[in-house]
Amino acid sequence: MGGLETRGLVFTGPRRRLEIEGLELDPPGEGEVLVRMLASGVCHSDLHVVDGEWERPSDVVLGHEGAAIVEALGPGVQGLRENDLVVLAWTAPCEACRACRRNQPWLCTQPLGDGHRLKEEDVRLRRPDGTPIGAYSGIGTFGERQVVAASAAIPVDPNTPPEIAALIGCGVTTGIGAVVNTAGVRAGESVVVIGLGGVGLSAVMGATLAEARTIVALDTNQAKLELARQAGVTDATTDPAEVDALTDGGADHVIEAIGLTSTVEMAIDLVRPGGTVTLVGMTPQGERASFDVYRLVEEGKQIRGSNYGSATPAVDFPRIARLYADGRLPLDLLVTETIGLEDVNRALGALRRGDGARRVVVY
Ligand SMILES: NC(=O)c1ccc[n+]([C@@H]2O[C@H](COP(=O)([O-])OP(=O)(O)OC[C@H]3O[C@@H](n4cnc5c(N)ncnc54)[C@H](O)[C@@H]3O)[C@@H](O)[C@H]2O)c1
Ligand SMILES: [Zn+2]
Ligand SMILES: [Zn+2]
């Protein structure tokens, strides 16, 4: 075999502990790069997979929110150099499908690394016995090294701390992008954010960037309200009944960042007539929410889905890193704890309980 030796945290099926395994990695092929992971956040989307709420193939190195150093370039790679600090995108656009041709890479239907690198021609990782192992979303950031599509590796300011760069790879871009790109919040508007995990707190920061006048944060966990205050909200509460008064009869925008049908339905109630609900949180697959059609139509409310913050990673990742460097985004408050790869199962347990913002593996 003779591949490069590495280690990764492998998902072997729903509701099973992730286990660290020794693995072998191929060298980068055409259009690919070998990266050494520096940091990876633990996002609730990892938990959806582990808890069996999203159907995903097993025998895959999990993790999709990471930052890395480029160690080697495959043939034909342009725009990257060895030792670049890169944020890894969980959608590397194909640049050929209809969405990509519309400049909506977050909706790409055939992203590189699709199928989690388990298609025969795509496999780059193997167990010592030769069994193929995938890389979640083509990047598998709970692996010490990975071979990824060059277009998934986005260079950012090399002074960005690795744990911050990692969070830009999912939660931060998702939350900020939902507010700025998908919802299109404008200066002076009011915004309610429901759910204050890594994604929701980032949405709060997006609302401050957009110069929203009123930003109300809602979570059942008291400790999260304090974090939201540090992130710049005008009010934070555990009681949805307070929101109407705090937003003068309904918010211009409501952002749902949990993924529960009950809070999705609540979001539709909390937005003012003519306002916009932006759904970011993701439920278990197949769940349906309901709303009063007559009222929604009469009140001219809008509902939007936001995937990956409607962001273009190659543009938005470096932009967000620059805003952080300029002191305009307090992303440090998202890092509750830095941990090792062996602590990820514990970090998933904390996410289940709504405890803390982000736990970040630092390699
Ligand atoms: N759309 C996308 O592209 C995208 C990207 C990343 C994550 N997500 C999804 O966004 C969601 C949030 O991710 P996260 O990592 O921030 O999760 P998280 O678990 O860190 O945060 C969820 C927050 O919701 C709070 N909460 C739970 N139940 C509540 C309730 N009934 N009322 C009020 N607050 C409640 C928790 O206390 C916690 O603070 C997940 O569903 C995740 O899969 C979507
Ligand atoms: Zn994520
Ligand atoms: Zn595409």
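Observations, loosely collected:
- Scanning region 350-359 for residues that are in a helix (DSSP H, G or I), buried (at least 16 other Cβ atoms within 10 Å of the Cβ) and touching a residue at least 40 places away in the same chain (Cβ under 8 Å) turns up just one, Leu351.
- Boolean, Gln104 is at negative phi and within 16 Å of ligand 3 (Cβ to nearest atom): yes
- Members of region 303-329 found to be open to solvent by 50 Å² or more (accessible area, probe 1.4 Å) and not hydrophobic (A, V, I, L, M, F, W, C), listed by number: Arg304, Gly305, Asn307, Arg319, Arg322, Asp326, Gly327, Arg328
- You will find that of Val199, Val192, the residue that is in contact (Cβ under 8 Å) with a residue 60 or more places away in the chain and either at positive phi or not in a helix (DSSP H, G or I) (or both) is Val192 and no other.
- Flag if Ala72 is more than 22 Å from Pro318 (Cα to Cα), away from ligand 2 (no atom under 16 Å from the Cβ) and surrounded by fewer than 24 Cβ atoms within 10 Å (Cβ to Cβ): no
- Of the helices (runs of 4 or more DSSP H) that lie entirely inside region 236-349, those containing 2 or more residues that are in contact with a Leu (Cβ under 6 Å, 6 or more places away or on another chain) span 313-325.
- Total residues in region 29-57, condition within 16 Å of ligand 2 (Cβ to nearest atom), hydrophobic (A, V, I, L, M, F, W, C) and part of a strand (DSSP E or B): 2
- Failed item in (1) open to solvent by 10 Å² or more (accessible area, probe 1.4 Å); (2) in a helix (DSSP H, G or I); (3) not hydrophobic (A, V, I, L, M, F, W, C), with Gly175 passing the rest: (1)
- Residue count for region 95-135, restricted to those that are assigned to a loop (DSSP other than H, G, I, E, B), of a type outside the set (Gly, Ala, Ser) and open to solvent by 30 Å² or more (accessible area, probe 1.4 Å): 13.
Results for (1) in contact (Cβ under 8 Å) with a residue 12 or more places away in the chain; (2) within 16 Å of ligand 3 (Cβ to nearest atom), shown as yes or no for each residue.
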position	(1), (2)
Ser262	no, no
Pro273	yes, no
Val280	yes, no
Pro284	yes, no
Leu296	yes, no
Tyr308	yes, yes
Thr312	yes, yes
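- Where Val172 falls short, out of the listed (1) closer than 16 Å to Leu323 by Cβ; (2) in contact with a Pro (Cβ under 7 Å, 6 or more places away or on another chain): (2)
The values are calculated or read from the model by the stated rules, or taken from the named source; none is laboratory data. These numbers come from a predicted model, not from an experiment. Cβ: placed from backbone, ideal geometry, glycine included. Neighbour counts: every protein chain shown. Calculation scope for accessible area: heavy atoms of the full protein, side chains included, ligands and nucleic acids excluded. Shrake-Rupley method; radii C 1.70, N 1.55, O 1.52, S 1.80 Å.
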